[in-house]
Amino acid sequence: MNPFNPNFGRMPQLFLDRDQIVQDYVTEINEGFDTPVQTTVIYGVRGAGKTALLTDICNQLQQRDWLVINLIGTGEILASLVSQLYHMVTPPLQKAFNHIQGVQVAHIGVSFTTETPETTAQYQFILMTMLRKVAAHHMRVMLVIDEVKSTKSMRTFASLYQLFIRENLPVALIMTGLPENISELQNNSVLTFLLRSHRIELHPLNPAIMIQSFAKKFSEGKRQVSMPLLNRITSLTHGYAYAFQLIGYLIWKHTQAGDVIDERLINDLLPEYQLGLSRNAYTKIYQDLSEHDRLFIRAMAAESTAKVKMKQIQERTHKPVNYLSNYRQRLLASQIIQRAGYGYVSFTLPLFKEFVQWYGAYDDAGF
(Lines give C-alpha, C1' and ligand atoms only; values in the text may rest on other atoms or scores of the structure.)
Protein backbone atom coordinates (compact mmCIF):
# COMPACT_ATOMS: atom_id res chain seq x y z
CA MET A 1 0.00 0.00 0.00
CA ASN A 2 1.30 3.44 -0.96
CA PRO A 3 2.20 5.29 2.28
CA PHE A 4 1.97 8.69 0.59
CA ASN A 5 -1.40 10.37 0.05
CA PRO A 6 -1.67 13.56 -2.05
CA ASN A 7 -5.47 13.74 -1.77
CA PHE A 8 -6.71 17.05 -0.36
CA GLY A 9 -8.76 16.89 2.83
CA ARG A 10 -7.55 13.43 3.82
CA MET A 11 -5.36 12.57 6.78
CA PRO A 12 -2.20 11.03 5.24
CA GLN A 13 -0.57 7.95 6.74
CA LEU A 14 2.72 9.82 6.80
CA PHE A 15 2.09 12.99 8.78
CA LEU A 16 5.43 14.58 9.60
CA ASP A 17 6.91 17.65 11.22
CA ARG A 18 3.58 18.63 12.82
CA ASP A 19 3.43 16.29 15.81
CA GLN A 20 4.83 18.86 18.24
CA ILE A 21 2.29 21.46 17.12
CA VAL A 22 -0.54 18.97 17.74
CA GLN A 23 0.78 17.85 21.11
CA ASP A 24 1.37 21.40 22.35
CA TYR A 25 -2.13 22.49 21.38
CA VAL A 26 -3.94 19.42 22.72
CA THR A 27 -2.04 19.52 26.02
CA GLU A 28 -2.76 23.20 26.61
CA ILE A 29 -6.46 23.21 25.69
CA ASN A 30 -7.02 20.00 27.64
CA GLU A 31 -5.76 21.67 30.82
CA GLY A 32 -8.53 24.29 30.80
CA PHE A 33 -10.09 27.23 29.02
CA ASP A 34 -7.97 29.91 30.69
CA THR A 35 -5.53 29.89 27.79
CA PRO A 36 -4.91 31.87 24.58
CA VAL A 37 -5.48 28.71 22.50
CA GLN A 38 -9.20 28.66 23.39
CA THR A 39 -9.70 30.41 20.05
CA THR A 40 -7.17 29.25 17.47
CA VAL A 41 -6.63 29.83 13.76
CA ILE A 42 -4.47 27.52 11.63
CA TYR A 43 -3.44 29.20 8.42
CA GLY A 44 -1.23 28.50 5.46
CA VAL A 45 -1.18 28.33 1.69
CA ARG A 46 -3.39 25.78 -0.06
CA GLY A 47 -1.76 22.36 0.34
CA ALA A 48 0.23 23.31 3.45
CA GLY A 49 -1.49 20.61 5.52
CA LYS A 50 -4.07 22.67 7.44
CA THR A 51 -6.89 20.13 7.21
CA ALA A 52 -4.61 17.22 8.06
CA LEU A 53 -3.38 19.06 11.16
CA LEU A 54 -6.95 19.93 12.14
CA THR A 55 -8.03 16.31 11.71
CA ASP A 56 -5.21 15.05 13.90
CA ILE A 57 -6.09 17.56 16.63
CA CYS A 58 -9.77 16.62 16.51
CA ASN A 59 -9.01 12.90 16.68
CA GLN A 60 -6.88 13.40 19.77
CA LEU A 61 -9.47 15.59 21.47
CA GLN A 62 -12.20 13.01 20.87
CA GLN A 63 -10.00 10.45 22.61
CA ARG A 64 -10.04 12.81 25.60
CA ASP A 65 -13.87 12.90 25.62
CA TRP A 66 -14.32 16.29 23.99
CA LEU A 67 -17.50 16.87 21.98
CA VAL A 68 -16.02 17.83 18.61
CA ILE A 69 -18.54 19.61 16.37
CA ASN A 70 -17.66 20.32 12.74
CA LEU A 71 -19.40 23.36 11.30
CA ILE A 72 -19.59 24.74 7.77
CA GLY A 73 -18.94 28.47 7.76
CA THR A 74 -21.16 29.12 4.73
CA GLY A 75 -24.20 27.20 6.00
CA GLU A 76 -26.76 27.50 8.77
CA ILE A 77 -24.16 27.40 11.52
CA LEU A 78 -26.44 27.94 14.50
CA ALA A 79 -29.03 25.32 13.52
CA SER A 80 -26.24 22.84 12.76
CA LEU A 81 -24.59 23.52 16.12
CA VAL A 82 -27.83 22.91 18.04
CA SER A 83 -28.57 19.71 16.13
CA GLN A 84 -25.08 18.23 16.40
CA LEU A 85 -24.75 19.10 20.07
CA TYR A 86 -28.05 17.37 20.76
CA HIS A 87 -27.01 14.18 18.97
CA MET A 88 -23.59 13.97 20.65
CA VAL A 89 -24.65 14.05 24.28
CA THR A 90 -26.00 11.24 26.47
CA PRO A 91 -29.75 10.38 26.52
CA PRO A 92 -30.28 11.99 29.96
CA LEU A 93 -28.80 15.25 28.66
CA GLN A 94 -30.88 15.00 25.48
CA LYS A 95 -33.94 14.71 27.69
CA ALA A 96 -32.86 17.86 29.54
CA PHE A 97 -32.43 19.66 26.22
CA ASN A 98 -35.99 18.71 25.24
CA HIS A 99 -37.32 20.70 28.19
CA ILE A 100 -35.80 23.99 27.05
CA GLN A 101 -38.65 26.49 26.97
CA GLY A 102 -39.90 27.50 23.55
CA VAL A 103 -37.93 24.95 21.55
CA GLN A 104 -38.06 21.30 20.64
CA VAL A 105 -34.82 19.56 19.75
CA ALA A 106 -35.26 16.11 18.29
CA HIS A 107 -33.61 13.68 15.88
CA ILE A 108 -34.97 15.61 12.89
CA GLY A 109 -33.42 18.86 14.07
CA VAL A 110 -34.57 21.93 15.97
CA SER A 111 -38.02 23.51 15.84
CA PHE A 112 -39.56 26.40 17.72
CA THR A 113 -42.82 25.96 19.59
CA THR A 114 -43.78 29.60 19.08
CA GLU A 115 -45.14 31.01 15.83
CA THR A 116 -42.51 33.73 15.63
CA PRO A 117 -39.71 33.31 13.01
CA GLU A 118 -36.37 31.89 14.07
CA THR A 119 -34.02 34.64 15.23
CA THR A 120 -30.46 34.93 16.45
CA ALA A 121 -31.81 35.84 19.89
CA GLN A 122 -33.71 32.55 20.04
CA TYR A 123 -30.62 30.58 19.08
CA GLN A 124 -28.66 32.53 21.67
CA PHE A 125 -31.08 31.45 24.39
CA ILE A 126 -31.11 27.81 23.23
CA LEU A 127 -27.35 27.45 22.87
CA MET A 128 -26.49 29.17 26.11
CA THR A 129 -29.00 26.98 27.95
CA MET A 130 -27.62 23.85 26.29
CA LEU A 131 -24.02 24.79 27.05
CA ARG A 132 -24.83 25.49 30.70
CA LYS A 133 -26.32 22.00 30.94
CA VAL A 134 -23.21 20.62 29.22
CA ALA A 135 -21.05 22.41 31.79
CA ALA A 136 -23.11 20.92 34.63
CA HIS A 137 -22.27 17.46 33.25
CA HIS A 138 -18.52 18.36 33.15
CA MET A 139 -18.35 18.09 29.36
CA ARG A 140 -16.40 20.28 26.91
CA VAL A 141 -17.19 21.34 23.36
CA MET A 142 -14.71 22.01 20.55
CA LEU A 143 -16.16 23.89 17.59
CA VAL A 144 -14.34 23.28 14.30
CA ILE A 145 -14.55 25.27 11.07
CA ASP A 146 -12.40 24.26 8.10
CA GLU A 147 -11.59 26.94 5.50
CA VAL A 148 -13.30 29.81 7.31
CA LYS A 149 -14.45 32.82 5.30
CA SER A 150 -16.18 36.11 6.04
CA THR A 151 -19.85 35.22 5.50
CA LYS A 152 -23.06 36.45 7.07
CA SER A 153 -23.44 33.13 8.91
CA MET A 154 -19.89 33.37 10.21
CA ARG A 155 -20.40 36.91 11.48
CA THR A 156 -23.57 35.90 13.32
CA PHE A 157 -21.86 32.88 14.83
CA ALA A 158 -18.84 34.96 15.88
CA SER A 159 -21.05 37.35 17.85
CA LEU A 160 -22.58 34.46 19.81
CA TYR A 161 -19.24 32.72 20.29
CA GLN A 162 -17.78 35.81 21.95
CA LEU A 163 -20.78 35.81 24.28
CA PHE A 164 -20.13 32.15 25.14
CA ILE A 165 -16.57 33.08 26.09
CA ARG A 166 -17.67 35.99 28.29
CA GLU A 167 -20.11 33.69 30.08
CA ASN A 168 -17.32 31.16 30.75
CA LEU A 169 -19.14 28.38 28.94
CA PRO A 170 -17.16 25.18 28.18
CA VAL A 171 -16.52 25.87 24.52
CA ALA A 172 -13.45 26.43 22.35
CA LEU A 173 -13.01 27.17 18.65
CA ILE A 174 -10.39 26.06 16.15
CA MET A 175 -10.46 27.11 12.50
CA THR A 176 -8.36 26.81 9.38
CA GLY A 177 -8.11 29.31 6.59
CA LEU A 178 -6.05 30.67 3.75
CA PRO A 179 -3.94 33.68 4.80
CA GLU A 180 -5.92 36.06 2.59
CA ASN A 181 -9.24 34.87 4.07
CA ILE A 182 -7.93 35.21 7.62
CA SER A 183 -6.89 38.80 6.84
CA GLU A 184 -10.38 39.53 5.51
CA LEU A 185 -11.96 38.11 8.67
CA GLN A 186 -9.73 40.18 10.90
CA ASN A 187 -10.62 43.36 9.03
CA ASN A 188 -14.33 42.82 9.71
CA SER A 189 -15.59 44.80 12.72
CA VAL A 190 -17.63 41.86 14.02
CA LEU A 191 -14.70 39.46 13.73
CA THR A 192 -11.94 41.56 15.30
CA PHE A 193 -11.69 39.03 18.14
CA LEU A 194 -9.62 36.97 15.70
CA LEU A 195 -6.84 39.55 16.06
CA ARG A 196 -6.48 38.32 19.63
CA SER A 197 -6.77 34.62 18.79
CA HIS A 198 -3.93 32.14 18.92
CA ARG A 199 -2.40 31.58 15.49
CA ILE A 200 -0.69 28.52 14.09
CA GLU A 201 1.13 29.38 10.88
CA LEU A 202 2.19 26.34 8.87
CA HIS A 203 5.73 26.85 7.65
CA PRO A 204 7.60 24.67 5.11
CA LEU A 205 8.46 21.17 6.30
CA ASN A 206 11.89 20.56 7.77
CA PRO A 207 14.27 19.16 5.08
CA ALA A 208 16.04 16.79 7.50
CA ILE A 209 12.73 15.28 8.60
CA MET A 210 11.62 14.86 4.99
CA ILE A 211 14.85 13.09 4.05
CA GLN A 212 14.52 10.81 7.04
CA SER A 213 10.87 10.03 6.22
CA PHE A 214 11.56 9.35 2.52
CA ALA A 215 14.48 7.07 3.44
CA LYS A 216 12.45 5.15 6.03
CA LYS A 217 9.42 4.54 3.81
CA PHE A 218 11.42 3.61 0.71
CA SER A 219 13.50 1.21 2.81
CA GLU A 220 10.36 -0.38 4.27
CA GLY A 221 9.07 -0.79 0.71
CA LYS A 222 12.38 -2.38 -0.31
CA ARG A 223 13.17 0.47 -2.71
CA GLN A 224 16.84 1.44 -2.88
CA VAL A 225 17.79 5.11 -2.94
CA SER A 226 21.05 6.98 -2.36
CA MET A 227 21.51 9.94 -0.06
CA PRO A 228 22.32 12.36 -2.93
CA LEU A 229 19.06 11.38 -4.60
CA LEU A 230 17.12 11.77 -1.34
CA ASN A 231 18.53 15.29 -1.17
CA ARG A 232 17.36 16.00 -4.70
CA ILE A 233 13.86 14.59 -4.10
CA THR A 234 13.56 16.70 -0.96
CA SER A 235 14.80 19.85 -2.71
CA LEU A 236 12.11 19.36 -5.38
CA THR A 237 9.42 19.87 -2.71
CA HIS A 238 10.65 23.20 -1.25
CA GLY A 239 9.13 21.95 2.01
CA TYR A 240 5.59 22.17 0.57
CA ALA A 241 3.50 19.54 2.35
CA TYR A 242 1.38 18.65 -0.69
CA ALA A 243 4.51 18.32 -2.86
CA PHE A 244 6.05 15.95 -0.29
CA GLN A 245 3.02 13.67 -0.49
CA LEU A 246 2.74 13.97 -4.29
CA ILE A 247 6.33 13.17 -5.23
CA GLY A 248 6.50 10.35 -2.68
CA TYR A 249 3.25 8.93 -4.08
CA LEU A 250 4.51 9.06 -7.68
CA ILE A 251 7.86 7.43 -6.88
CA TRP A 252 6.15 4.63 -4.97
CA LYS A 253 3.53 4.19 -7.70
CA HIS A 254 6.13 3.82 -10.48
CA THR A 255 8.43 1.42 -8.59
CA GLN A 256 8.16 -1.90 -6.86
CA ALA A 257 10.08 -3.87 -4.25
CA GLY A 258 13.69 -4.40 -5.34
CA ASP A 259 13.82 -1.37 -7.65
CA VAL A 260 16.51 1.28 -7.48
CA ILE A 261 15.25 4.87 -7.43
CA ASP A 262 17.61 6.75 -9.74
CA GLU A 263 18.01 10.06 -11.55
CA ARG A 264 16.34 8.73 -14.68
CA LEU A 265 13.20 7.78 -12.77
CA ILE A 266 12.97 11.21 -11.12
CA ASN A 267 13.47 12.99 -14.43
CA ASP A 268 10.76 10.84 -16.04
CA LEU A 269 8.35 11.68 -13.20
CA LEU A 270 8.88 15.45 -13.31
CA PRO A 271 6.17 16.17 -15.94
CA GLU A 272 3.59 14.16 -13.96
CA TYR A 273 4.75 15.83 -10.75
CA GLN A 274 4.39 19.30 -12.26
CA LEU A 275 0.98 18.42 -13.71
CA GLY A 276 -0.23 17.27 -10.30
CA LEU A 277 0.95 20.47 -8.63
CA SER A 278 -0.62 22.61 -11.34
CA ARG A 279 -3.96 20.84 -11.57
CA ASN A 280 -4.56 20.18 -7.87
CA ALA A 281 -3.07 23.27 -6.21
CA TYR A 282 -1.52 25.97 -8.35
CA THR A 283 -4.41 26.71 -10.72
CA LYS A 284 -6.71 27.50 -7.79
CA ILE A 285 -4.00 29.50 -6.00
CA TYR A 286 -3.39 31.57 -9.14
CA GLN A 287 -7.08 32.10 -9.92
CA ASP A 288 -7.71 33.41 -6.40
CA LEU A 289 -5.10 36.14 -6.85
CA SER A 290 -6.07 39.66 -7.81
CA GLU A 291 -5.11 41.10 -11.18
CA HIS A 292 -2.36 43.15 -9.54
CA ASP A 293 -1.03 40.15 -7.59
CA ARG A 294 -0.78 38.26 -10.88
CA LEU A 295 1.05 41.16 -12.51
CA PHE A 296 3.62 41.06 -9.71
CA ILE A 297 4.31 37.31 -9.83
CA ARG A 298 4.37 37.24 -13.62
CA ALA A 299 7.06 39.90 -13.56
CA MET A 300 8.96 37.72 -11.08
CA ALA A 301 8.54 34.63 -13.24
CA ALA A 302 9.86 36.45 -16.30
CA GLU A 303 13.29 36.83 -14.69
CA SER A 304 15.90 34.11 -15.27
CA THR A 305 17.12 34.00 -11.67
CA ALA A 306 15.46 32.37 -8.64
CA LYS A 307 15.97 35.51 -6.55
CA VAL A 308 14.43 38.62 -8.09
CA LYS A 309 15.19 42.25 -7.25
CA MET A 310 12.22 44.49 -6.51
CA LYS A 311 13.82 46.96 -8.93
CA GLN A 312 13.51 44.37 -11.73
CA ILE A 313 9.80 43.88 -10.94
CA GLN A 314 9.34 47.65 -11.01
CA GLU A 315 11.00 47.91 -14.41
CA ARG A 316 8.83 45.14 -15.87
CA THR A 317 5.53 46.37 -14.43
CA HIS A 318 6.20 50.12 -14.82
CA LYS A 319 4.66 50.65 -11.38
CA PRO A 320 5.97 52.86 -8.54
CA VAL A 321 7.73 51.26 -5.59
CA ASN A 322 5.04 52.13 -3.02
CA TYR A 323 2.41 50.56 -5.30
CA LEU A 324 4.38 47.31 -5.60
CA SER A 325 5.18 47.20 -1.89
CA ASN A 326 1.51 46.72 -1.08
CA TYR A 327 1.23 43.68 -3.34
CA ARG A 328 4.59 42.36 -2.22
CA GLN A 329 3.27 42.35 1.34
CA ARG A 330 0.03 40.63 0.30
CA LEU A 331 1.95 37.87 -1.49
CA LEU A 332 4.32 37.44 1.45
CA ALA A 333 1.34 37.07 3.80
CA SER A 334 -0.22 34.55 1.40
CA GLN A 335 3.01 32.50 1.57
CA ILE A 336 3.37 32.52 -2.22
CA ILE A 337 6.63 34.45 -2.17
CA GLN A 338 9.32 34.93 0.47
CA ARG A 339 12.09 37.40 1.25
CA ALA A 340 15.37 36.31 -0.31
CA GLY A 341 17.71 38.95 1.02
CA TYR A 342 17.50 42.72 1.16
CA GLY A 343 15.46 43.94 -1.79
CA TYR A 344 14.97 40.42 -3.19
CA VAL A 345 12.04 37.98 -3.30
CA SER A 346 11.62 34.41 -4.51
CA PHE A 347 8.79 31.90 -4.94
CA THR A 348 8.09 29.59 -2.00
CA LEU A 349 6.35 26.79 -3.93
CA PRO A 350 8.19 24.22 -6.08
CA LEU A 351 7.94 24.75 -9.84
CA PHE A 352 5.51 27.62 -9.27
CA LYS A 353 7.65 29.92 -11.40
CA GLU A 354 7.32 27.49 -14.32
CA PHE A 355 3.58 27.25 -13.70
CA VAL A 356 3.18 31.04 -13.79
CA GLN A 357 5.15 31.24 -17.04
CA TRP A 358 2.91 28.59 -18.62
CA TYR A 359 -0.42 29.70 -17.19
CA GLY A 360 0.26 33.35 -17.90
CA ALA A 361 -0.12 32.67 -21.61
CA TYR A 362 -3.65 31.40 -21.00
CA ASP A 363 -4.32 34.39 -18.77
CA ASP A 364 -3.37 36.70 -21.63
CA ALA A 365 -5.69 34.82 -23.96
CA GLY A 366 -8.63 35.41 -21.61
CA PHE A 367 -9.01 31.85 -20.30
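The values are calculated or read from the model by the stated rules, or taken from the named source; none is laboratory data. Computed from a predicted structure; not experimentally measured. Because the Cβ atoms are built from the backbone with ideal geometry, glycine has one as well, and the counts that use them run over all protein chains shown. Protein only, heavy atoms only, side chains kept; ligands, DNA and RNA dropped before computing areas. Shrake-Rupley method; radii C 1.70, N 1.55, O 1.52, S 1.80 Å.
Of the accessible area of the chain, with the probe set at 1.4 angstrom, what percent is carbon plus sulfur?
50
Only loop residues by DSSP count here, and only those with at most 16 other Cβ atoms within 10 Å; note down the GluC sites (Glu not before Pro) in segment 272-344 that meet that.
Of the GluC sites (Glu not before Pro), the ones in loops of segment 272-344 whose Cβ has at most 16 other Cβ atoms within 10 Å are GLU303.
Modelling each spin label as a point 7 Å along the Cα-to-Cβ direction, I'd like the ARG64/PHE8 distance in nm, to one decimal.
About 3.1 nm, to one decimal.
Do me a favour and compute the ellipsoid semi-axes for the chain from its Cα gyration tensor, root of five times each eigenvalue, largest one first, whole Å.
So the equivalent ellipsoid measures 43, 27, 17 Å along its semi-axes.
Tell me the Rg and the Dmax, in Å, that the Cα atoms of segment 29-97 produce.
Cα radius of gyration and Dmax of segment 29-97 are 14.4, 44 Å respectively.
In Å², what does the accessible area per residue of the chain work out to with a 1.4 Å probe?
Here the per-residue accessible area is 49 Å².
Pull up the cross-link candidates among the lysines for LYS319, meaning alpha carbon to alpha carbon under 16 Å and not fewer than 8 places away within one chain.
LYS309, LYS311
Let me have the relative contact order for the chain, percent, based on Cα pairs under 8 Å that are six or more residues apart.
Reported relative contact order: 19 percent.
Any idea what diffusion coefficient segment 237-367 gets from Stokes-Einstein, in µm²/s, Kirkwood Rh on alpha carbon pairs, 4 °C, 1.567 mPa s?
It diffuses with D of about 81 µm²/s by this estimate.
Once you put a point 7 Å from the Cα of GLU272 and another 7 Å from the Cα of VAL321, both along the Cβ direction, what distance in nm separates them?
4.9
Report the net charge of residues surrounding GLU315, where surrounding means a beta-carbon distance below 11 angstrom and charges are Lys +1, Arg +1, Asp -1, Glu -1.
Taking every Cβ under 11 Å from that of GLU315, the sum is +3.
Quick one: net charge around LEU270, please, counting Lys, Arg +1 and Asp, Glu -1 for every other residue with C-beta under 13 Å from its C-beta.
Around LEU270, the surrounding residues sum to -2.
Please give the contour-minus-distance gain from PHE33 to GLN101: 0.36 nm per residue of separation, less the Cα-Cα distance, rounded to one decimal in nm.
So the extension gain works out to 21.6 nm.
Of LYS217/LYS253; LYS307/LYS353; LYS217/LYS353; LYS216/LYS353; LYS95/LYS133, which sit over 19 Å apart, Cα to Cα?
The pairs that break the limit, which is 19 Å between Cα atoms, are LYS217/LYS353; LYS216/LYS353.
Apply the Karplus parameterisation 6.51 cos²θ - 1.76 cosθ + 1.60, with θ equal to phi minus 60°, to every residue of segment 340-355 and state each ³J(HN,Hα) to the nearest whole Hz, in sequence, with x for glycine and proline.
Listing the rounded values in order: 10, x, 4, x, 10, 9, 8, 6, 8, 8, x, 6, 6, 4, 5, 5 Hz.
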